[in-house]
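Below: one structure, written as structure tokens.
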Protein chains: 2
Amino acid sequence: MKIKKIVFATGNLNKLKEIKSAINIFEIVGLKDLGITEELPETGTTLKENALQKAKYVYNKTGLNCFSDDTGLEIESLNNRPGVYSAMYSGADCNAENNMRKVLSELKTFQNRKAKFKTVIALILNDKEYFFEGTVNGKILQKKKGNDGFGYDPIFKPEGYKETFAQMSIELKNKISHRGLAVYKLVSFLNQEELGL
Amino acid sequence: MKIKKIVFATGNLNKLKEIKSAINIFEIVGLKDLGITEELPETGTTLKENALQKAKYVYNKTGLNCFSDDTGLEIESLNNRPGVYSAMYSGADCNAENNMRKVLSELKTFQNRKAKFKTVIALILNDKEYFFEGTVNGKILQKKKGNDGFGYDPIFKPEGYKETFAQMSIELKNKISHRGLAVYKLVSFLNQEELGL
């Protein structure tokens with residue numbers, strides 16, 4: 001469910017002003033908005049290290065509060081590969097198509113298709129570091145399904161659902177996905193910080 | 001602390017799009033924005049009844065998701081008056097000045113100046129009703145202090161602070177006030193609804 005607009009039923013302009021300032025509105029700014037076009041460093045060996053490395057890079061460069069995520073697909077039969085190397089799994093000229101092709105080929109002989117998506121978000125807020133995680137269990141299909149999403153979404157079917165992430169609306173994916181869950185924790189935290197609770 | 005802008009350190013435009021749609025942005029709309037200029041009905045005998053009555057009125061009129069608050073000042077020595085009648089305590093031509101004058105006059109002979117501010121927010125979201133409360137303890141001073149805030153703020157000093165609500169920044173007031181606490185609960189709820197958790 002998407003809540004876009006909500007009415008505050010008051011004729012009292014003081015209350016309206018107070019409530020508007022109490023309800024935090026996050027403005028999410030992307031790197032392009034800041035004129036940062038270079039590739040961010042990502043040389044860690046864990047999702048957490050990579051997320052923090054990217055956030056630190058931007059924080060040091062801009063001084064702005066900043067978060068970054070790193071996400072990996074861990075496949076049980078492949079000893080949790082591609083994991084932290086998910087984005088570059090198929091090597092130098094990797095892209096989503098080649099990455100999926102490699103995974104499907106490696107999994108060909110395996111009955112066990114269990115996999116999980118993990119996201120770690122690193123937040124740097126006023127010089128302090130915070131981390132938020134989200135995980136979703138699922139399995140790797142035999143072939144791609146769906147055109148939405150990105151990365152490994154077309155071959156990942158989350159537990160309890162019939163569609164792959166690439167067949168879902170962005171709203172449904174956000175509700176149940178690794179990244180959606182991590183973002184939910186991030187937002188709850190930022191709301192608390194904002195209100196000082 | 002006010003978080004206005006936060007950078008998402010990613011060069012991946014798919015991730016940026018997904019995160020932007022996952023982080024809910026509430027747009028708070030006031031009655032004037034909707035062309036509603038009449039006084040809202042407020043004939044209940046409790047804060048909860050009044051809050052719901054106002055929210056229902058606007059919901060029925062506009063069909064928009066909507067919340068309203070009702071707030072009362074309960075003073076121990078006055079048997080919890082003015083309570084639900086806080087806004088109109090000094091009668092027909094009531095205003096904040098006259099209301100405060102009446103309270104200070106009634107309290108003149110009392111040693112016990114303990115009071116609490118209570119807010120109840122009623123939310124109508126997709127035809128369902130929800131309530132969120134916030135309370136702050138404090139005491140009524142002998143005379144007004146400060147020029148910010150509104151209503152009884154100049155004579156209410158919250159527990160643990162040296163200033164009245166009328167001497168505080170809106171950010172500090174929101175952190176600790178009855179309304180700020182109720183709003184925090186409202187926002188947490190809306191975030192959960194949004195993400196379906």
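The values are calculated or read from the model by the stated rules, or taken from the named source; none is laboratory data. Just so it is clear, the structure is predicted and the values come from calculations on it, not from any experiment. Positions of Cβ are backbone-derived with ideal geometry, glycine not excepted, and every protein chain shown enters the neighbour counts. These area figures cover heavy atoms from the full protein model, side chains too; ligands, DNA and RNA do not enter into them. Shrake-Rupley method; radii C 1.70, N 1.55, O 1.52, S 1.80 Å.
Quick one: in segment B:42-73, which of the residues that are part of a loop (DSSP other than H, G, I, E, B) and more than 7 Å from every other protein chain (Cβ to nearest Cβ) is most open to solvent (accessible area, probe 1.4 Å)? Walk me through how you get there before you give the answer.
Step one: filter segment B:42-73 for residues part of a loop (DSSP other than H, G, I, E, B), giving B:42-46, B:63-65.
When the remaining residues are screened for being more than 7 Å from every other protein chain (Cβ to nearest Cβ), the result is B:42-46, B:63.
Numbers: B:GLU42: 70, B:THR43: 109, B:GLY44: 12, B:THR45: 91, B:THR46: 57, B:GLY63: 53 Å².
Selected residue: B:THR43.
Look through A:PHE189, A:PHE156 and report the one residue that is of a type outside the set (S, T, N, Q) and either more than 13 Å from chain B (Cβ to nearest Cβ) or over 19 Å from the mean Cα position of the chain (by Cα) (or both).
None of the others qualify; the one that does is A:PHE156.
I'm told B:SER90 meets every condition in (1) assigned to a helix (DSSP H, G or I); (2) more than 18 Å from the chain's Cα centre (by Cα); (3) crowded, with 16+ Cβ neighbours inside 10 Å; (4) of a type in the set (S, T, N, Q) except one. Can you identify the failing condition by its number?
The number of the failed condition is (1).
So is A:LEU31 on the phi < 0 side of the Ramachandran plot and buried (at least 18 other Cβ atoms within 10 Å of the Cβ) or not?
Working: on the phi < 0 side of the Ramachandran plot: yes; buried (at least 18 other Cβ atoms within 10 Å of the Cβ): yes.
Spelling it out, A:LEU31 is indeed on the phi < 0 side of the Ramachandran plot and buried (at least 18 other Cβ atoms within 10 Å of the Cβ).
Going through segment A:32-41 one residue at a time, which ones are under 16 Å from A:ALA87 (Cβ atoms) and facing chain B (nearest Cβ under 8 Å)?
If the condition is that a residue be under 16 Å from A:ALA87 (Cβ atoms) and facing chain B (nearest Cβ under 8 Å), then A:GLU39, A:LEU40 are the ones that fit.
Would you check which residues across segment B:169-185 are at the interface with chain A (Cβ under 8 Å from one of its Cβ atoms) and either over 16 Å from B:GLY138 (Cβ atoms) or more than 13 Å from the chain's Cα centre (by Cα) (or both) and list them?
Scanning segment B:169-185 gives B:ILE170, B:GLU171, B:VAL183, B:TYR184.
Out of B:LYS145, B:LYS118, B:LYS128, report the one residue that is more than 9 Å from every other protein chain (Cβ to nearest Cβ) and over 24 Å from B:ALA51 (Cβ atoms).
After applying the criteria, what remains is B:LYS145.
Quick check on my filter: what residues within segment A:74-87 are among the polar types (S, T, N, Q) and either touching a residue at least 40 places away in the same chain (Cβ under 8 Å) or part of a helix (DSSP H, G or I) (or both)?
Of everything in segment A:74-87, those that are among the polar types (S, T, N, Q) and either touching a residue at least 40 places away in the same chain (Cβ under 8 Å) or part of a helix (DSSP H, G or I) (or both) turn out to be A:SER77, A:SER86.
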